[in-house]
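Report on the following structure.
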Amino acid sequence: MASDLPEFYFRIRENGALVFRVDCANRQQRIEMEQIAAVNVKNGEVRPQGDRMLTEAERLAIEEWLADRRAILSDREVDDILRTVDHLNLTTQWAQSRASDDDLDRVTDPLLLAMHDLRAVLVRRKAERMAD
């Protein structure tokens, strides 16, 4: 099992991760994890733990993880938007076939404002792309 473990472990948190060096080559044959850094996904900041100086191998592993994580989050974001399209279609069907007048009174104005805002942004961004 010890040989199957990665050299580094990234504990995901809301805006990045804590980076740990995994060690299982000790007398007790226990897995030990030493925190070596904190990573911010949004701005790419890497803060070494305490007074620690990161090695080149540690920096490369963190940079690789950061690139992979950003790609995963980007894919998820697009997937979430496509799910929103599905949800809008389901909402349309609900409004047409099952919603009561009270239900529609609760959701109509917030939904119309959100859709208007979204439409305005999409139209503006499409016009910008076409102008380029």
Give me the percent of Cα-Cα pairs in the chain that sit more than 19 Å apart, rounded to a whole number. 68 percent
Around residue 92, with a cut-off of 12 angstrom between Cβ atoms, what is the net charge of the other residues, counting Lys and Arg +1 and Asp and Glu -1? 0
Hey, in the GNM for the chain with a 10 angstrom Cα cutoff, which one of 107, 46, 121 fluctuates hardest? 121
Charge sum, other residues only, whose C-beta stays under 13 Å from residue 118's C-beta, Lys/Arg counted +1 and Asp/Glu -1: +3
Using modelled backbone amide H atoms (1.01 Å from N, in-plane), which distant-in-sequence or interchain residues come within less than 5 Å of residue 16's amide H? 41
What residue among 33, 53, 115 shows peak mean-square fluctuation when the chain is described by a Gaussian network model with Cα springs under 10 Å? 115
Can you run phi through the Karplus equation (6.51, -1.76, 1.60; θ = phi - 60°) for segment 85-95 and list ³J(HN,Hα) in whole Hz, with x for Gly and Pro? 4, 4, 5, 4, 5, 5, 5, 4, 4, 4, 4
For segment 32-38, just list the computed ³J(HN,Hα) in residue order, Karplus coefficients 6.51, -1.76 and 1.60, θ = phi - 60°, integers in Hz, with x standing in for Gly and Pro. 10, 10, 10, 5, 10, 6, 10
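Could you sort the peptides 5-11, 82-88 by per-residue average Cβ neighbour count (10 Å cutoff), highest mean leading?
Working: 5-11: 14.0, 82-88: 10.4.
Top of the packing list down: 5-11, 82-88.
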Longest to shortest principal axis, alpha-carbon extents of segment 56-100, angstrom: 62, 13, 5
Could you rank the peptides 13-20, 93-100, 123-130 by their average count of other C-beta atoms within 10 Å per residue, with the highest value first? 13-20, 93-100, 123-130
Please give the helix 101-131 orientation as an angle from the longest Cα principal axis of the chain, in degrees from 0 to 90, rounded to the nearest 10. 70 degrees
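Values quoted throughout were computed directly from the atomic coordinates according to the rules given, and no laboratory measurement underlies them. Just so it is clear, the model here is predicted, and its values are computed rather than measured. All Cβ positions, even for glycine, are placed from backbone atoms using ideal geometry, and neighbour counts span all protein chains on display.
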